[in-house]
Every structure is written in C-alpha cells, then in structure tokens.
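Please treat every number below as a calculation from the coordinates, not as lab data. Predicted model, so just to flag it, every value in this text is computed and none were measured. FYI the Cβ positions are ideal-geometry reconstructions off the backbone, even for glycines, and counts take in every protein chain you see.
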Amino acid sequence: MGRFTGPVCRLCRREGAKLFLKGTRCDTEKCAFERHRVSPGMQGALRGKPTDYAMHLREKQKVKRYYGVLERQFRRYFDIASRSATNTGEVLLSLLERRLDNVVYRLGFGLSRSQARQIIRHGHILVNGKRVDIPSYSVQPGDVVTVKNRPKSLQVVQASLAERQQDVPDYLNLVAGQIPEGHVLREPTLDEVGIPVQPQLIIEFCSR
C-alpha cells in the first residue's frame, strides 16, 4: 500500500493524538481532532477496551504517521536500531527525528512534514552547502541546513517562518536572517520527540 492520500485528520483521530499533519490549522479551533475526538467511522464512539496487540500496533502506527514514513522504511529504521549497542527505542526515534524532512519542519522552514518533503524535493534545501533532495537523508551533529540563496526558495521558507512561529527543539539552533539556516547541535533525545511515545511497545511489536 502506498502513502495515505485521504483526509489526514482521520489519522489523528484514529491514533487518539494530535499528529500535527495539517500545519498551523492544528493549532486553531478548526482542528478536527479537537472537534471530534472519537475514532473515525460509524462505530468510532462504540469501540471497547483495546487489546494488548491493538495497543502495541497503535503505538507503532502513531509514530509512523507522525513522521510520515511507510512500513518498509519504518522496518529498516527498526533493523538499524536493533543492531545498536545502546537503547533500541531511543536509537529508533533518534533516526526518525534526524530525517531531513523532520529537521526542516522542526526548524520552521515548512508548515508540515509533507510541505517540508515538497520543499526538499524541489531543491530548496542545502546541507553543508550541497543540495540534498532526499527527504529521508539523515543529518548528523555538526551539519548545517540552509535555504538555497534564490528568490523562490527564500520566499517559500520565509513565509513558513512568519506563519508558524514555533519553538525549535534544543538539539537544533535556528539562525533567522536573510538566508535562514539551522545547525544540528547533537543527537535528539526521547524527551524532544513532539508526541508522547512508549518505545517499549514499539519494540515488543516489531520483535514478534
């Protein structure tokens, strides 16, 4: 199955958490999750207590949808994390958090992760002075993410920065100027993930 192309607000309602998939709309009273907190579908309000399997599955799906990755991509990240000598859950979320599309979004260059992916695909972003058009590119501590110095690129990013006005996580540093740039200071921690996550449930589900 390919990428979900339906109403993304249904995904937030299904996972029971605001995933910030609609940009600044998620911070307003128009947010569908705030207006309809029950699961989508005719029987949404009648769902009973979830099973252990359902709880594990929903935690995995929540993280996948938050970062906008497909199942095969997610499994690849889990395989890399499981081979690490440190905590698998923390490594998994660090890999997802260090995706270029997520970093561009967290810096405020895009209003949502989907827009951040589009900005990257269209060649508006440079990493260490070189064009990178792969949204899944993994940034490293010390990398510098900048906007390409051309009017169209600057216009798109400056508009997002002006509209979004969000806090940048501590592992990143935003230098707002004529040419905005972001510095990756270190690897992100579990506390800096934008939604509450229980990594152990994900590990148990993927290890079945």
Quick calc: nm separation of the 7 Å Cα→Cβ label points for residue 166 and residue 185 -> 1.9
Computed over segment 59-151, the relative contact order (Cα-Cα under 8 Å, seq sep at least six) in percent reads 21
Per the rule of 0.36 nm per residue minus the C-alpha distance, extending residue 178 to residue 148 adds in nm 9.7 nm
Taking r as the C-beta separation of residue 140 and residue 208 and R0 as 30 Å, the FRET efficiency to the nearest 0.05 is 0.40
Karplus ³J(HN,Hα) for segment 193-201 (6.51 cos²θ - 1.76 cosθ + 1.60, θ = phi - 60°; Hz, whole; x = Gly/Pro) runs 6, x, 10, x, 10, 10, x, 4, 5
Note: residue 128 to residue 71 extended length (0.36 nm per residue) minus current alpha-carbon separation gives 17.5 nm
